[in-house]
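Here's the structure we're looking at; comments come further down.
The values are calculated or read from the model by the stated rules, or taken from the named source; none is laboratory data. In this text, all values refer to a predicted model and were calculated from it rather than measured experimentally. Backbone-built Cβ (ideal geometry, glycine too); neighbour counts: all protein chains shown. These accessible areas exclude ligands, DNA and RNA; they are computed on the full protein's heavy atoms, side chains included. Shrake-Rupley method; radii C 1.70, N 1.55, O 1.52, S 1.80 Å.
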Amino acid sequence: MCVRQCISGWLAVLVLLAATGMSHAACVNTVVLIHGNTGSPGDFANTTDLLRQHGYASTQIIAPAWGNPLCAACNDHQGSEETPVRDALNKALGNSCSGHIDVIGHSMGVTLAMREIDKLGVANRVDHFIGIAGAVHGLWSCGTYPFNVATLTCGAYGLSVHSPLLDGLAGHRFGVHMYSIKSWIDEINCYGGPCLVDGVHTSSIGGEERSLDYPYGHYALLWYTAQDQYNLLHTP
């Protein structure tokens, strides 16, 4: 008699625990956060903290480290820089409960994410793509290809204006919904010339649905816009 009652009681507890766990394990897209040149995953601390506050599990936030953190001029968009980002995207697509992912990039992480999404052919599985302070149309400080500054970052696979890399990405889609967050006083993207390239802000993404402007510097655009990033991720 006692055994039967005890078993029934434990079953009830297990059912309650399972139900409680399910209520906290909402199915959301896994988010991939791609830092900029010589940056680190920690640059997204405010974004990560906000996602966790809204119930995202650690497994639903992937932030790879890429590139040489000590040599900005050594990093471009091919080879060893690609691998961590490509692996992160594949991992996110593999473990996302929805089968779709969201991607947020900052600075050179924007264009690196674009390249890997494009090469993998998974733009239709990226629900929201957010580019923050990206040099999508190039940097005047890098020159104009092929008369570019002689560094890897500004070369054919880099951020010189009209580099083969950037021209090859032009007009492509990198998500179902695409957004940019930019500044007209960005000390990096607007250095050496105007923020405009071919009549558009270099951080704008062709085909984007919305672009948010802030009077922030290059890094503050990432640090101080976590709430906007979250809101954009949950825009239908």
What do you reckon, is Ile181 more than 20 Å from Arg115 (Cβ to Cβ) and β-branched (Val, Ile, Thr)? no
Give the range 71-80 a look and list any residue that's of a type in the set (D, E, K, R) and either closer than 21 Å to Ser211 by Cβ or surrounded by fewer than 23 Cβ atoms within 10 Å (Cβ to Cβ) (or both), or say none. none
Give me a count of the residues in the range 91-128 that are open to solvent by less than 10 Å² (accessible area, probe 1.4 Å), touching a helix residue (DSSP H, G or I) at 6+ places or on another chain (Cβ under 9 Å) and assigned to a helix (DSSP H, G or I). 9
Listed residues Gly109, Gly105, Gly158, Gly121; which is without any contact (Cβ under 8 Å) to a residue 12 or more places away in the chain and within 23 Å of Ala63 (Cα to Cα)? Gly121
Any residue in the range 24-45 that is open to solvent by less than 30 Å² (accessible area, probe 1.4 Å), free of Cβ contacts under 8 Å to residues at least 60 places away in the same chain and either of a type in the set (Ser, Thr, Tyr) or not in a helix (DSSP H, G or I) (or both)? no
Sole exception among (1) farther than 10 Å from Val136 by Cβ; (2) at pLDDT 95 or above; (3) not hydrophobic (A, V, I, L, M, F, W, C) for Gly206, by number: (1)
Counting only residues that are of a type in the set (Ser, Thr, Tyr) and crowded, with 22+ Cβ neighbours inside 10 Å, how many does the range 129-156 have? 1
Scan Ala72, Ala88, Ala123 and give me the residue that is at pLDDT 95 or above, among the aliphatic types (A, V, I, L, M) and within 13 Å of Gly39 (Cα to Cα). Ala72
